[in-house]
Amino acid sequence: MFKKYNLKHYNFRLLALVLITSIFGLVIINSADSSYTIRQAGGIIGCSAWMIFLSFVDYKKILKHYKILYIVTIAILVAVLVLGTTAMGAQRWIVIGGFRIQPSEISKVLLVLFLSAVLGQKKERLDSWKFLAFLAVILLIPLGLIVMEPDLSQTILIFLILFTVIFAAEMPYRKLWKILAVVVPIAIVLFIYIQNPDQKLLKPYQWYRVMAFINPEEYDDSVYQQHNAVQAIGSGGLSGKGLNNDDPTSLLNSNYIPEAHTDFIFAALGEQLGFVGCMVAIGLLVAIVVECVIIAVRSKDYSGRLIGMGFAAHVALQTLFNIGVVTQLLPNTGLALPFFTYGLSSLLTLFTAMGIVLNVSLQREPHKEKDIYTKDFVDVKAYRDKNDKRDKIKVRF
């Protein structure tokens with residue numbers, strides 16, 4: 001599983017960004033509800049060690065076992081339906097040794113790795129409708145299991161992440177447009193259908209959340225969380241009311257920000273650190289996404305590129321969804337803010353993803369130069385070893 005690496009290629013920027021963002025999140029959790037601080041700190045320490053360990057594990061060795069990754073994904077998703085615990089009307093968690101694990105979170109990493117491995121081997125078949133139909137069936141099975149929990153928001157998120165991976169795999173545009181020509185009208189029809197009170201696709205609480213987003217005045221009792229979150233962020237102003245403040249007007253101190261340490265932690269951050277704190281948090285998350293994309297572009301092979309793009313999409317989309325919910329731009333979905341929200345499953349998933357991306361960066365392409373006369377890319381060391389004395393102009397690529 002291990003191989004020799006040149007540590008000068010190690011992406012310490014990404015490592016630092018992940019640790020800084022997680023510590024920032026820990027500070028906000030401590031201010032929102034200090035009873036969760038020690039557990040979150042322990043999770044960060046343990047997951048950081050796991051991330052660093054994974055960063056030295058050859059990702060290509062992992063991808064060789066892509067069938068096992070898929071089987072494990074199906075197994076844990078079935079297990080949660082059979083053995084899982086129920087909370088808030090959904091059966092999404094498995095209790096192991098006192099810890100609640102959310103298999104749908106872990107399945108994000110496993111499915112990105114599985115799809116990256118399959119596409120890495122079958123890139124040329126992306127032009128085949130038969131192969132695309134096979135991919136659709138294979139991927140719809142785990143997505144269907146997640147819908148059954150039910151966890152519609154996680155299903156949509158994973159679907160978009162996997163679609164990003166397929167898009168990054170350079171699916172022919174003519175195929176993409178034909179697929180969208182079918183999917184978009186179906187999505188519109190379904191959206192219209194689920195607004196019917198007699199619809200059968202959504203659970204009652206899911207239906208109320210959608211209707212509350214469409215018509216918040218009529219379903220005010222279903223959007224009070226988002227109303228309070230928006231007010232809390234607005235009350236923070238430019239610099240906020242300060243961490244661990246005792247301001248009597250604070251919505252956080254008055255317990256008016258529900259789930260302030262989990263899904264609505266961005267509201268607590270906004271109230272306490274204001275617009276500046278929000279921008280710092282978003283800037284850190286954007287920097288992580290950009291670093292993952294850069295690693296993907298520099299990857300030495302096709303599967304490595306797809307892994308980088310898949311996990312960049314993971315962080316970007318989940319950040320977009322969470323902040324969209326807290327600011328009432330999207331229906332209430334219950335998705336975590338990456339590296340900020342309290343929870344072991346989210347931490348484990350994100351740190352695992354970043355560990356694998358770090359290994360991709362360790363195996364990036366060697367630096368090359370382009371010879372203007374031949375228009376070929378050549379390995380710098382090999383080129384120089386030839387001791388070619390010709391006077392050629394070279395530019396760095």
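No value in this document is a laboratory result; all are computed from the given coordinates. On a predicted model such as this, the values are computed, not experimentally measured, just so you know. Don't worry about glycine lacking a Cβ; one is built from the backbone with ideal geometry, like all the others, and counts go over all protein chains shown.
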If amide H atoms are modeled at 1.01 Å from N in the peptide plane, then the residues at a separation of 5 or more from Glu149, or on another chain, having amide H under 5 Å from its own are none
Value at 222 nm in deg cm²/dmol, rounded to 500, when DSSP H runs of n ≥ 4 in the chain each add -39,500 (n - 2.57): -20500 deg cm²/dmol
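Charges at C-beta only: +1 for Lys and Arg, -1 for Asp and Glu. How large is the resulting dipole of the range 124-203 about its Cα centre, in Debye rounded to 20?
240
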Whole-Hz Karplus ³J(HN,Hα) for the range 242-253, in order, using 6.51 cos²θ - 1.76 cosθ + 1.60 and θ = phi - 60°, x for Gly and Pro? x, 5, 6, 6, 10, 5, x, 8, 5, 5, 5, 5
Which angle between 0 and 90 degrees, to the nearest 10, do you get for helix 129-147 versus the longest principal axis of the chain when only C-alpha atoms count? 30
Of Trp93, Trp207, Trp129, the most mobile residue in a GNM of the chain (C-alpha springs, cutoff 10 Å) is Trp129
Please give the charge dipole size of the range 7-365, origin at the Cα centre, charges +1 on K and R Cβ atoms and -1 on D and E Cβ atoms. Round to the nearest 20 debye. 1780
Of Val184, Val95, Leu152, farthest towards positive along the dipole that unit charges on Lys, Arg, Asp, Glu beta carbons give the chain: Val184
Kindly express, to the nearest 10 degrees and within the range 0 to 90, the angle between helix 224-235's C-alpha long axis and the longest C-alpha principal axis of the chain. 70
Of the residues Phe56, Gly240, Gly84, the Cα lying farthest along the dipole of the chain towards its positive end, which is defined by charges on the beta carbon of Lys, Arg, Asp and Glu, belongs to Phe56
Trypsin sites (Lys or Arg not before Pro) lying in DSSP loop within the range 1-73, provided at most 13 other Cβ fall within 10 Å: Lys3, Lys4, Lys64
Note on the range 7-365: alpha-carbon gyration tensor, axes a ≥ b ≥ c; rule is a/c under 1.5 for rounded, else prolate if a/b larger than b/c, else oblate; result oblate
If unit charges are put on Cβ atoms (+1 for Lys and Arg, -1 for Asp and Glu) and the dipole of the chain is taken about its Cα centre, the option from Asn196, Gln231, Asn6 lying farthest towards the positive end turns out to be Asn6
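Quick one: which of Lys67/Lys178; Lys4/Lys108; Lys61/Lys300; Lys130/Lys175; Lys8/Lys64 span more than 20 angstrom between C-alpha atoms? Let's see the in-between values first.
Numbers: Lys67/Lys178 29 Å; Lys4/Lys108 29 Å; Lys61/Lys300 15 Å; Lys130/Lys175 12 Å; Lys8/Lys64 27 Å.
Pairs exceeding 20 Å: Lys67/Lys178; Lys4/Lys108; Lys8/Lys64.
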Distance from the range 1-53 to the range 210-270 (C-alpha centre basis), Å: 27
Any idea what angle helix 265-297 forms with the longest principal axis of the chain, computed on alpha-carbon atoms, 0 to 90 degrees, nearest 10? 20
What are the ³J(HN,Hα) values, in whole Hz, obtained from phi via the Karplus relation 6.51 cos²θ - 1.76 cosθ + 1.60 with θ = phi - 60°, for each residue of the range 14-24 in sequence order, with x given for Gly and Pro? 5, 4, 5, 4, 5, 5, 4, 5, 5, 5, 4
